[in-house]
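**Q** Pasting a structure below so you can have a look.
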Amino acid sequence: MKNKLLKSLAALAAIVVISASGQHQAVAADMELVIGTGNIKGKLFAAGNAISVASALHGKGVKVYNYGTKGGKDNIKRISKKKRAINFGLVSAKDLGKAKKKQLKAIRGLMAVGKAKGKTMLLIVRKKAPKKVSKEAYAAAVAQVVSILKSKKGVARIKAAWKGYTPSSGSSDFKAAGVKLHKAAIM
Amino acid sequence: MRKLIGIVATSIFAVAIGASSAVAAGKSPAEFYKDNVVTIILGAGPGGGYDLYARTVMKHLVKHIPGKPSYILQFMPGAGGQKAAGYVYNVAPKDGLKLAKLSNMLPAFQLLRGGTKYDVSKMNYIGRAASMQYVTMVWHTAGVKNLADAQKAKTPIIFGASGLSQSNYIVPTIMKSLLGLNVKVISGYPGTAAINKALEQGEVTGRAGAWSSWISRAGRLIDEKKIFAIAQSGLEKAGNIMDGYGKPTPLLLDMAKNADEKAILRLLASDAAVGRNFSVPPGVPKDRVKALCRAFDATMADPAFLANAKSRKLLVEPKPCEWLTKVAADIVATPKPLVKKAKALLGWK
């Protein structure tokens, strides 16, 4: 009974601290997340680098590492993998629309990031938290990344690498693909 | 007129770039790295040994780099690390902000395969965290507990390998060619995890792999005596690698019958010495390379790093940048006739 009460108080205190902290919510322990982008010669990979640098400079306990993958379909595959999965992925709305139902269950939508080669590009996130990371800490880390991506400094840095970067909701694309939105998604 | 404006604009841009480079070049390493972000490029994807070593080393290395920069990782897998090596050597900015943790196979690959987009002897090495002593392991069902047992084996030991240019192919192939072992090598496995699975399922009965990888990823199999070490490949013998009878495993290099064989084995074992190496591309200002080298040395002696590495079951066998630079230069200077013989032993053209 005493333990239960203490746990409840601790959880309440954590919520208060998170709500009271500034624009970017600090994450207790350092968290390293991976974003799958695309070919190393492409614009999306360059944008991934900028996201990564922005997370290192403006993040509080969260870092995002760029992974040069084979592109959108590969990112969907990697984000829904059981082992060694990536946490974020850049995908086109078209590729997301073709994903399997099982894969879509493992994914949550975050935002639209702009257009590349005429295709709307979306940022997706893995639903499941990494090993040894609590759901709450993972959610806070994801929220912090979204906050960096929306911030003035973050937008300027990413735009310098990829002019097409225009963060927006993308909710209609996610809805069309059958992907649920993450709590931190841009509305 | 438009052409003239274009030329003037290009010139102004070039002068501006030159000026900013000069300003950057004039800064001390501490001034340059302060508030900056160092990127370490990995020639592999997340989750493996490259990732684990890079994360562990970088976490502590940045504390020893003057100016204490921040850091990020960048994964660039493909073509056994060739893609990342080509990018680091040719495309990455040469300002000291792009570090690399590249494949230890690059020197041997450059020499034996040729046509590479990099020259390992021109890279600026900053240090090695651990060797990649390759250990040949045999599954318990094969009835082989040491090299002598393997030499008497009537049933071939079937080794799983990922690719023809990988050590897990090269080491057993050389053991077959030079020691006459009854060995078959099946290549095409996507990675070491897949070969380990094949071992447990009885599909193959052996695998050659880095000792550091064996103990961090498959230590359980060694502890449970499901797999036995029979030989090691490297430039120096590691005394802590025991065979199935509890005796130290022999070093392949010590088994050479003549000077030529020794030179070939030395060449093929050089990747073990290059090991878990860290580097920056050629052209980085010398004072920054020096600062990175010393920071690396300090990291390797840092108790916090050593404790972190121990908790992650990572081997730490550091070597300074000067030592690594010499090893890479020695490999590239191998006489051509010996390279030809080594290729013939591996069945390469």
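Rule-based calculations on the coordinates, nothing more; no lab input. Everything numeric in this text was worked out from a predicted model, so none of it was measured. Heads up, the Cβs are rebuilt from the backbone with ideal geometry, glycines too, and the neighbour counts pull from every protein chain shown.
**Q** List the DSSP H helices in chain B whose Cα atoms stretch 20 Å or more along the helix axis and whose mean Kyte-Doolittle hydropathy is at least 1.0.
**A** What comes out of the filter, once short or polar helices are dropped, is B:2-26.
**Q** Run the quick spin-label model on residue A:156 and residue A:136: label points 7 Å from Cα toward the beta carbon, then report their separation in nm to one decimal.
**A** It is 3.5 nm.
**Q** Given a Förster distance of 25 Å, report the FRET efficiency between residue B:313 and residue A:30 from their Cβ-Cβ distance, rounded to the nearest 0.05.
**A** Efficiency computed from Cβ-Cβ geometry: 0.80.
**Q** Provide the FRET efficiency to the nearest 0.05 for the residue B:68-residue A:105 pair, computing r from the beta carbons and using R0 = 41 Å.
**A** Numbers: r = 43 Å, r/R0 = 1.04.
It comes to 0.45.
**Q** With only alpha-carbon atoms in the gyration tensor, what are the semi-axes of the equivalent ellipsoid for chain B, in Å, largest first?
**A** Computed over chain B, the values are 41, 23, 17 Å.
**Q** Note down the magnitude of the dipole of the range A:39-187 about its Cα centre, charges +1 on Lys and Arg C-beta and -1 on Asp and Glu C-beta and zero elsewhere, to the nearest 20 debye.
**A** 600 debye
**Q** Name the residue farthest towards the positive end of the dipole of the protein assembly as shown from the options A:145, A:46, A:166, assuming +1 on Cβ of Lys and Arg, -1 on Cβ of Asp and Glu, about the Cα centre.
**A** Of the candidates, A:166 comes out farthest on the positive side.
**Q** Which of B:318, B:273, B:304 sits farthest toward the positive end of the charge dipole of the range B:241-349, with +1 on the Cβ of Lys and Arg and -1 on the Cβ of Asp and Glu?
**A** After comparing all options, I get B:273.
**Q** While we're looking at this one, here's another question. Give the peptides B:38-48, B:330-340 in descending order of average Cβ contacts within 10 Å, highest first. Please list the in-between numbers first.
**A** On the way: B:38-48: 22.0, B:330-340: 13.9.
Going from most to least packed, we get B:38-48, B:330-340.
**Q** Another question, then. Looking only at other chains, what is the average number of their beta-carbon atoms within 10 angstrom of each beta-carbon in B:37-49?
**A** Working: counts 8, 1, 6, 1, 3, 2, 0, 0, 8, 11, 6, 1, 0.
If you average over the peptide's residues, the count of other-chain Cβ atoms is 4.
**Q** What share of all Cα pairs of the range A:96-187, in percent, falls into each consecutive 5 Å distance bin?
**A** 3, 14, 22, 23, 20, 13, 5, 1
**Q** Sticking with this structure for a sec: Report, as an integer, the average count of C-beta atoms from other chains found within 10 Å of each Cβ along A:49-56.
**A** Going residue by residue through A:49-56 and averaging, the value is 4.
**Q** While we're looking at this one, here's another question. Just order B:217-227, A:50-60 by mean Cβ neighbour count inside 10 Å, highest at the front, would you?
**A** Top to bottom by mean Cβ count within 10 Å: A:50-60, B:217-227.
**Q** Taking R0 as 51 Å, what FRET efficiency do you get between residue B:225 and residue A:168 from their Cβ-Cβ distance, rounded to the nearest 0.05?
**A** After rounding to 0.05, the efficiency reads 0.30.
**Q** Still on this model: Using only atoms on other chains, find how many Cβ atoms lie within 10 Å of each Cβ of peptide A:63-70 and report the average.
**A** If you average over the peptide's residues, the count of other-chain Cβ atoms is 6.
**Q** Further question: So what is the diffusion coefficient of the range A:95-145 in µm² per second by Stokes-Einstein at 25 °C and 0.890 mPa s, using a Kirkwood Rh over Cα pairs? Before the final figure, lay out each step's value.
**A** Details: Rh = 12.5 Å.
After rounding, the answer is 196 µm²/s.
**Q** Lys and Arg at +1, Asp and Glu at -1: add these up for the other residues within a Cβ distance under 13 Å of residue B:349 and post the number. Write down the numbers at each step before the final one.
**A** Values: positive: B:113, B:340, B:343; negative: none.
Around residue B:349, the surrounding residues sum to +3.
**Q** Quick one: go through the range B:105-125 and flag any residue whose amide nitrogen is under 16 Å from the point 7 Å out along the Cα-to-Cβ line of residue B:83.
**A** B:117
**Q** Once you charge only the Cβ atoms, +1 for Lys and Arg and -1 for Asp and Glu, what is the size of the charge dipole of chain B about its Cα centre, to the nearest 20 debye?
**A** Values: 47 positive and 22 negative charges, 98 e Å.
So the magnitude is around 460 debye.
**Q** So, one more: When the dipole is taken about the Cα centre of the range B:155-286, and only Lys, Arg (+1) and Asp, Glu (-1) are charged at their Cβ, what size is it in debye, to the nearest 20?
**A** 120 debye
**Q** Right, here's the next one. So the label point goes 7 Å from the Cα of residue B:323 along Cα→C-beta, right? Which residues of the range B:131-173 then have their backbone N under 13 Å from it?
**A** Counting only backbone N, you get B:131-132.
**Q** Starting from the 7 Å offset along Cα-to-Cβ, what nm value, one decimal, do you get for the label separation of residue B:34 and residue B:242?
**A** 5.4 nm
**Q** Could you work out how far the C-alpha centroid of the range B:132-198 sits from that of the range B:265-325, in angstrom?
**A** So the separation of the two Cα centres works out to 29 Å.
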